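Inspection log for the structure reproduced underneath, given as structure tokens.
The values are calculated or read from the model by the stated rules, or taken from the named source; none is laboratory data. Only a predicted model underlies this, so the values are computations on that prediction, with no experimental measurement involved. Methodologically, a virtual Cβ is constructed for each residue, glycine included, from the backbone with ideal geometry; neighbour enumeration extends over all protein chains shown. To get the accessible areas, we keep the full protein, side chains included, count just its heavy atoms, and leave off ligands, DNA and RNA. Shrake-Rupley method; radii C 1.70, N 1.55, O 1.52, S 1.80 Å.
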Amino acid sequence: MSLSAKIPEGPLAEKWSKHKFDLKLVNPANKRKYDIIVVGTGLAGASAAASLAELGYNVKAFCFQDSPRRAHSIAAQGGINAAKNYQNDGDSVYRLFYDTIKGGDYRAREANVYRLAEVSVNIIDQCVAQGVPFAREYGGLLDNRSFGGAQVSRTFYARGQTGQQLLLGAYSALNRQIHHGKVKMYTRTEMLDVVVVDGKAQGIITRSLTTGEIDTHTGHAVLLCTGGYGNVFYLSTNAAGSNVTAAWRAHKRGAFFANPCYTQIHPTCIPVTGDHQSKLTLMSESLRNDGRVWAPKTHAIAEQLRKGAIKAAQVGEADRDYFLERKYPSFGNLVPRDVASRNAKEMVDDGRGVGGSGVAVFLDFADAIARLGKDAVAAKYGNLFDMYYQITDEDPYSQPMRIYPAVHYTMGGLWVDYNLSTNVPGLYALGECNFSDHGANRLGASALMQGLSDGYFVIPYTLGDYLATIGPKPVDVNHPAFAQTKKDVTDYIAKLLTLRGTKTVNEYHRELGLIMWEYCGMARTAEGLTKAKGLIHALRADFWKNAIVLGDNEEVNASLEKAGRVADFLELGELMVDDALMRNESCGGHFRLESQTPEGEALRDDEHFAFVAAWEYTGDNQPEKLNKEALEFEYVHLTQRNYK
Ligand SMILES: Cc1cc2nc3c(=O)[nH]c(=O)nc-3n(C[C@H](O)[C@H](O)[C@H](O)COP(=O)(O)OP(=O)(O)OC[C@H]3O[C@@H](n4cnc5c(N)ncnc54)[C@H](O)[C@@H]3O)c2cc1C
């Protein structure tokens with residue numbers, strides 16, 4: 001199938017303006033004749049639902065939590081990028097565009113990324129107007145800090161709680177529309193399938209998580225804003241409830257899944273402490289503004305630190321290896337995440353890891369405290385320091401934090417064109433759920449920017465074009481596709497409930513996570529990925545024989561909810577491994593050991609792999625079909641990334 005990204009013609013900087021003018025409009029009186037389904041009310045979904053309702057469409061919004069305020073977006077800590085150049089330090093829309101393309105290791109679309117940089121400035125104004133309390137400088141201007149992969153300060157923040165404050169802003173806008181009756185909000189409701197009528201998405205099937213009732217909802221378009229799938233690794237920094245089910249079920253109804261193997265492993269997380277954990281905790285990248293990353297220079301000192309014979313503060317300057325500053329003098333501790341993560345792994349693999357397990361390096365604030373004072377450091381990062389202390393019982397003001405990379409974000413997701421439409425007409429994907437803007441490695445503070453750009457500034461324009469094309473004729477709920485899809489969902493739930501084996505679905509999830517981390521994590525090889533493929537396949541078969549799913553459908557049933565999600569993760573895991581195996585190059589977070597430069601950096605193969613891999617579902621247990629969207633770079637010259 002030919003994949004057209006529908007990128008508008010014309011110079012890069014004019015594409016979006018021209019496109020907005022060329023898109024068809026729906027007149028105000030007609031807007032109220034359209035019903036739009038928005039699944040997910042995190043930053044992407046809440047901003048989209050509020051904006052579309054404000055325009056006059058009837059919106060039905062869904063989330064599986066008891067309130068939109070509990071979406072995973074609330075966890076975002078460090079900040080949101082925007083090319084405002086308030087610091088007068090050389091930033092511009094073009095620089096944000098360039099940094100993002102380079103940061104993603106030249107595996108994202110130029111046109112999408114430029115638009116993202118362009119509308120980033122509007123996002124800040126929108127959020128300030130909503131009352132989002134961004135940090136301010138003494139004089140009252142909004143403050144900025146730096147994030148990885150940039151040499152300017154363009155990150156707007158609200159202490160270490162930026163996601164929470166932005167979500168409260170979007171949620172207020174959403175609530176206003178709920179109050180006006182333009183949004184009908186369905187909480188504790190899980191979407192389990194998309195209804196495709198004559199090739200177009202026209203509805204969804206949901207299950208109430210409180211009563212088990214299976215329902216049908218119709219709409220002229222369906223927007224999936226359902227977040228990322230990092231929890232396929234079991235342990236990640238994502239909210240425990242984040243899952244791939246909505247995107248995966250849409251994939252099985254025809255939507256292509258793009259670049260599933262592109263996973264972001266964040267360098268600064270609190271290290272794993274054993275096999276009892278169900279999630280990991282991020283220490284925001286913002287900490288790398290002032291924290292210095294180091295490992296001991298020698299194995300002997302590392303050994304003493306691991307045994308607890310000495311404390312980090314006792315290690316003299318001469319015995320410390322500030323490895324990021326040493327290897328990347330230009331960017332130092334603020335190299336992009338993939339680079340920082342790989343270097344931390346290198347230290348640990350070399351036997352210089354610290355902490356009881358030896359699987360950690362240090363993030364040290366001693367210099368910053370000496371330079372700025374403890375109070376200033378606390379004012380910037382206090383809540384993160386408190387969180388670290390509460391989890392580890394170690395005081396990061398007097399000892400460096402121990403950190404290690406952990407799964408954090410998924411750059412892959414549903415394939416979308418420039419209009420955020422999947423290849424199924426009427427089905428859109430926004431926010432982390434789509435693959436669109438970050439290539440093979442997302443820069444810090446760019447996910448919030450993308451989610452809000454998609455929801456506040458892109459979809460309100462592009463959706464109208466589609467709606468004007470199909471017209472406001474009511475959706476025919478009596479079409480057989482509705483009854484059939486509902487039956488498929490009901491049968492699938494019944495099948496899950498027949499599982500009365502001996503192993504909990506959580507055990508399967510944990511096992512899958514270990515396989516993914518070992519073979520499809522920070523370092524990947526053809527041999528390891530081939531092995532993983534076999535292991536996941538066998539685990540999946542075992543799941544359908546030996547898993548135990550407790551209880552019934554007509555009740556609150558966490559075991560059933562989790563079973564459906566883990567079954568989907570098992571299928572997705574296989575596709576991720578296929579994708580990683582196919583992509584015989586390294587790029588960004590996808591590091592194939594077979595493809596590295598002499599200095600150990602990711603070595604791309606632009607001749608063979610400068611494309612988006614868009615996988616097409618072909619049936620249960622059938623190999624998926626690979627469709628390629630060639631990536632063309634008109635403005636940015638492809639080079640080996642260099643942060644030295
Ligand atoms: C700890 C942490 C810190 C981060 N910090 C930053 C940061 O500082 N800056 C930055 O830019 N990015 C950050 N990120 C990334 C960023 O938070 C996410 O990428 C972003 O919030 C995702 O927003 P979203 O709206 O796409 O999805 P989410 O916020 O994940 O929302 C998903 C929504 O979909 C709903 N949903 C999902 N499946 C279904 C279903 N089947 N049926 C019904 N509803 C469903 C959920 O209920 C929820 O409402 C961080 C991520 C983590 C893990």
Of the listed residues (Gly160, Gly181), the one being open to solvent by 10 Å² or more (accessible area, probe 1.4 Å) and not in a helix (DSSP H, G or I) is Gly181
Would you check which residues across the stretch 217-232 are within 12 Å of the ligand (Cβ to nearest atom) and farther than 30 Å from Gly471 by Cα and list them? Gly228, Tyr229, Gly230, Asn231
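Here is a yes/no grid of residues against (1) free of Cβ contacts under 8 Å to residues at least 40 places away in the same chain; (2) open to solvent by 30 Å² or more (accessible area, probe 1.4 Å); (3) in contact with a helix residue (DSSP H, G or I) (Cβ under 6 Å, 6 or more places away or on another chain); (4) among the hydrophobic types (A, V, I, L, M, F, W, C):
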residue: Val477; (1), (2), (3), (4): no, yes, no, yes
residue: Val489; (1), (2), (3), (4): no, no, no, yes
residue: Tyr508; (1), (2), (3), (4): no, no, yes, no
residue: Met522; (1), (2), (3), (4): no, no, yes, yes
residue: Gly528; (1), (2), (3), (4): yes, no, yes, no
residue: Ala541; (1), (2), (3), (4): yes, yes, no, yes
residue: Trp544; (1), (2), (3), (4): no, yes, no, yes
residue: Ala563; (1), (2), (3), (4): no, no, yes, yes
For the stretch 241-251, enumerate the residues that are within 11 Å of the ligand (Cβ to nearest atom) and either open to solvent by 10 Å² or more (accessible area, probe 1.4 Å) or not in a loop (DSSP other than H, G, I, E, B) (or both). Gly241, Ser242, Asn243, Thr245, Ala246, Ala247, Trp248, Arg249, Ala250
Taking the stretch 91-107 and keeping only residues that are of a type in the set (Val, Ile, Thr) and open to solvent by less than 30 Å² (accessible area, probe 1.4 Å), one is left with Thr100, Ile101
Subset tally (residues that are part of a loop (DSSP other than H, G, I, E, B) and out of contact with any Ser or Thr (no Cβ under 9 Å at 6 or more places or on another chain)) for the stretch 84-134: 6
So which residues in the stretch 325-382 are in a loop (DSSP other than H, G, I, E, B), open to solvent by 50 Å² or more (accessible area, probe 1.4 Å) and either farther than 17 Å from His266 by Cα or small (Gly, Ala, Ser) (or both)? Pro329, Ser330, Asp350, Gly356, Ser357
Single residue of the stretch 186-213 satisfying the filter (farther than 21 Å from Gly254 by Cα and charged (D, E, K, R)) that is least open to solvent (accessible area, probe 1.4 Å): Arg207
For the structure I just gave you, tell me whether Ser120 is small (Gly, Ala, Ser) and open to solvent by less than 20 Å² (accessible area, probe 1.4 Å). yes
Quick check: anything in the stretch 257-268 in contact with a Gly (Cβ under 6 Å, 6 or more places away or on another chain), surrounded by fewer than 22 Cβ atoms within 10 Å (Cβ to Cβ) and part of a strand (DSSP E or B)? no
Condition first: within 9 Å of the ligand (Cβ to nearest atom) and out of contact with any Phe, Trp or Tyr (no Cβ under 6 Å at 6 or more places or on another chain). Now tell me which residues in the stretch 436-446 satisfy that. Leu443, Ser446
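Residues checked against (1) within 25 Å of the chain's Cα centre (by Cα); (2) within 26 Å of Ser242 (Cα to Cα); (3) within 16 Å of the ligand (Cβ to nearest atom):
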| residue | (1), (2), (3) |
| --- | --- |
| Phe323 | no, no, no |
| Val348 | no, no, no |
| Phe362 | no, no, no |
| Ile391 | yes, yes, yes |
| Ser398 | no, no, no |
| Gly412 | yes, yes, yes |
| Tyr418 | yes, yes, no |
| Thr422 | yes, yes, yes |
| Leu430 | yes, yes, yes |
Just to be sure, is Ile36 modelled with pLDDT of 95 or more, closer than 30 Å to Asn627 by Cα and open to solvent by less than 10 Å² (accessible area, probe 1.4 Å)? yes
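Conditions tested, residue by residue: (1) buried (at least 23 other Cβ atoms within 10 Å of the Cβ); (2) in a loop (DSSP other than H, G, I, E, B).
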position: Asn231; (1), (2): yes, no
position: Ser236; (1), (2): yes, yes
position: Ala239; (1), (2): no, yes
position: Gly254; (1), (2): no, yes
Out of (1) in contact with a Lys or Arg (Cβ under 8 Å, 6 or more places away or on another chain); (2) farther than 24 Å from Pro336 by Cα; (3) open to solvent by less than 60 Å² (accessible area, probe 1.4 Å), what's the single condition that is false for Leu174? (1)
